[in-house]
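Attaching a single structure in structure tokens format; questions to follow.
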Amino acid sequence: MKRVYPNQVVPADAAARKLFNGDDLGLTFYTHPPNAEVSVRQFEDFTASRLKLLHAIDRACNSQELRLEAMKEIRPKLAREFRDSGLELGYPETPGKTQSFRIDKLDFQGRDNISHFALRLAFCKNRDAREWFLRQEQRLFVLRFEALSPEARETFVESVGLECTRFQDGDYEMISLKKLQATTPGARIWVEGSRVPQYELNFYVMPFREVPERLISGRRVVLHRGKAFVPASLLKLVITRRFKESLSAALDVAFQGQHVAMIDPRVGGFLRVLQEHGMELVAPRSSSEELSEKLSLGNFEQLLSRSFPPCMRRLVEKQRETKKHLKHAGRLQLRPFLKACGFTFEDSCSWWRKELCRDPTLTSEKFEKSYLYDVEHAYGKKGHLQGQNCCGCPAIIASPGEAAGQVHGCFFKQLEPSALQQQLQRWQVPIATMLEIQRLIKEGKHYQLACIEYFKSQHPSSDGEGVGNSPMDFLRTSCRYHKAQKATSPKDLAEPQAIEG
Ligand code: SF4
């Protein structure tokens, strides 16, 4: 199969369009760092756009829920994000457009490469960030691979060195296309409106070691004498595994060299901000925006019921209710949140001592010995001295399920429907909102949208914009709302509250 490169002459007739149909649309394993000149402003714009797109993909996939195989379900939902980020390239549809395709592709490749390599540097530093970045880049890769024509997919697979040939009926003595169709579970395709399945016509033959283990253990491919016969619909999983391995190794390399980029006066500051806040959404209302009310020991109870996101409120209330101290994952989730809300180191020490010691098995001495270190670590006084940052919603939603005695994760994901209903009733959430929340979770696991509905019910006439990105955004939006309410209330203007931050 012939590949088309940007420096080839661009014909403008139908034959040319057919020729472009085999183009790889800039799909790459990112093996070569960019070597182009861009302004600092462009560098930042490209990178922020990619980060926004990756967050949009993560949200559309409900963090960890959607499998790579089902990515095409979310593609229509992401049309706007792809367009806005400039990280999408399609085949030219008309002869007129074939003329500009070459320029569009060069522009796309520059933007794509620069933004990918910048995010590599920002996300290579710690395990959570790395895993998040790897997952989103794999998803983006699958979406792009699926957008290629069958011809371009084969060319791409060949270009990355995967030993893979298209199966031809008659090439193998004991294996025929009919047999493969009948014995491969993934070879049956249900076309909308049809009651009978159609069969995959294309299979690829490759050494079995190239195939992800789960496809083999799930008997999704046929194995014969060391060869795997993979239906065309699963080819993306094979190539994506390669992509993941390649990117994972590249992140190790990025980690070795990231300090050089971080001290670069032109981009170092921006990359450091991404390292700190990259897991949260780069939204117009940046997460570095000052809180209009800071959390203190004096206003804790008021903010807990009024402005805490449900995931954090539940941790505090559950610990009090059960008189059992939060286990590691719960403390890890809550500690940096309280810090980000405004608790000073002294506030945190005193709050954690008091709350953990509600558990009769914990004494003040035990707190000093076993738990104080974690608080010091969160404030950068111990360990790597960099402190801890509050995670965004995608990371919290992606956290593992709760084992017995544990409390952590996203409120809307962790609770069973009946427990969720009881808790919402206790928090006096109106029935209509409760039903809407249940529907959003049941029909699409839309935890972040459920959180917005909850927010709107507690903040009448608010649209909940910004909620669902991170717990801090929830608190920030709530505090801003209450500040605005106070400002328009004549009574409060006359009698300022003591807790004003
Ligand atoms: S969506 Fe985010 S803020 Fe809301 S409960 Fe879940 S993790 Fe917390």
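The values are calculated or read from the model by the stated rules, or taken from the named source; none is laboratory data. On a predicted model such as this, the values are computed, not experimentally measured, just so you know. Using ideal geometry, Cβ is built from the backbone for each residue, glycine included, and neighbour counts are taken over all protein chains shown. Please note that ligands, DNA and RNA were not included when accessible areas were found on the heavy atoms of the full protein model with its side chains. Shrake-Rupley method; radii C 1.70, N 1.55, O 1.52, S 1.80 Å.
Explain nothing, just the number: relative contact order of the stretch 300-494, from Cα pairs under 8 Å at least 6 residues apart, as a whole percent.
Relative CO of the stretch 300-494 lands at 22 percent.
How many percent of the accessible area of the stretch 165-235 is carbon or sulfur, using a 1.4 Å probe?
The nonpolar share, carbon plus sulfur, comes to 51 percent.
OK, next. Helix 268-277 versus the longest principal axis of the chain: what is the Cα-based angle in degrees, 0 to 90, to the nearest 10?
70
OK, next. To make sure I understand the rule: partners must be lysines, Cα under 21 Å from the Cα of LYS227, and not fewer than 8 residues away in the same chain. Which ones qualify?
LYS178, LYS179, LYS236
What relative contact order, as a whole-number percentage, does the chain give when Cα pairs under 8 Å and 6 or more residues apart are counted?
Computed value for the chain: 14 percent relative contact order.
Give the long-range amide H neighbours of TYR204: residues separated by 5 or more places, or on another chain, with amide H under 5 Å away, using H modelled in the peptide plane at 1.01 Å from N.
Correct list: PHE167, VAL230, ALA232.
Under the rule of -39500 (n - 2.57) per DSSP H run of 4 or more residues, summed and divided by the residues of the chain, what mean residue ellipticity at 222 nm is obtained, to the nearest 500 deg cm²/dmol?
That calculation yields -16500 deg cm²/dmol at 222 nm.
State whether the stretch 21-96 is rounded, prolate or oblate according to the following rule on the C-alpha gyration tensor (a ≥ b ≥ c being the square roots of its eigenvalues): a/c under 1.5 gives rounded; otherwise a/b larger than b/c gives prolate, and the remaining case gives oblate.
oblate
Which angle from 0 to 90°, rounded to the nearest 10, does the C-alpha axis of helix 328-341 make with the longest principal axis of the chain?
Roughly 70 degrees between the two axes.
Here's another thing I want to ask about it. For the stretch 364-376, what does the Karplus curve 6.51 cos²θ - 1.76 cosθ + 1.60, with θ = phi - 60°, yield as ³J(HN,Hα) per residue in whole Hz, taken in order and with x for Gly and Pro?
4, 5, 5, 4, 4, 6, 10, 10, 4, 3, 4, 5, 4
Continuing with this model, one more query. Tell me the carbon and sulfur percent of the accessible area for the stretch 300-494, rounded to whole percent, probe radius 1.4 Å.
The computed percentage sits at 55.
Under a plain spin-label model, where a point goes 7 Å from the Cα along Cα-to-Cβ, how far apart in nm are GLU443 and HIS32?
It is 4.9 nm.
Taking 0.36 nm per intervening residue step and subtracting the Cα-Cα distance, what contour gain separates GLN302 from ARG219 on full extension?
24.3 nm
Checking a compactness column here: for the chain, what do you get for Rg(Cα) / (2.2 N^0.38 Å), N being the number of residues?
1.13
Pull out the extension gain between LYS369 and ALA70, defined as 0.36 nm times the separation in residues minus the alpha carbon to alpha carbon distance; nm, one decimal.
102.8 nm
Continuing with the same structure: Would you please put 214-220, 229-235 in order of how densely packed they are, using the mean number of other Cβ atoms within 10 angstrom per residue and starting with the highest?
Highest-to-lowest ranking by the protection proxy: 229-235, 214-220.
I would also like to ask the following. Leaving ligands, DNA and RNA out of it, work out the accessible area of HIS32 with a 1.4 Å probe and give it in Å² to the nearest 10.
140
Given a 1.4 angstrom probe, what's the average accessible area per residue across the chain, in square angstrom?
Here the per-residue accessible area is 51 Å².
Let me ask something else about it. Under the classification rounded if a/c is under 1.5, otherwise prolate if a/b is larger than b/c and oblate if not, where does the stretch 165-235 fall, given a ≥ b ≥ c as square roots of the Cα gyration tensor eigenvalues?
Oblate.
I'd like the orientation of helix 417-426 relative to the chain: the angle between its Cα long axis and the longest Cα principal axis, in ° from 0 to 90, rounded to 10.
The answer is roughly 30 degrees.
Residue separation times 0.36 nm, minus the C-alpha to C-alpha distance between SER461 and GLN485: what's the value?
Extending this stretch completely gives an extra 7.5 nm.
Quick check: Cα centre of the stretch 459-477 to Cα centre of the stretch 159-231, how many Å?
47
Moving on. Suppose the Debye formula is applied to equal point scatterers at every Cα of the stretch 300-494; what is log10 I(q)/I(0) at q = 0.11, 0.18 Å⁻¹?
-0.53, -1.29
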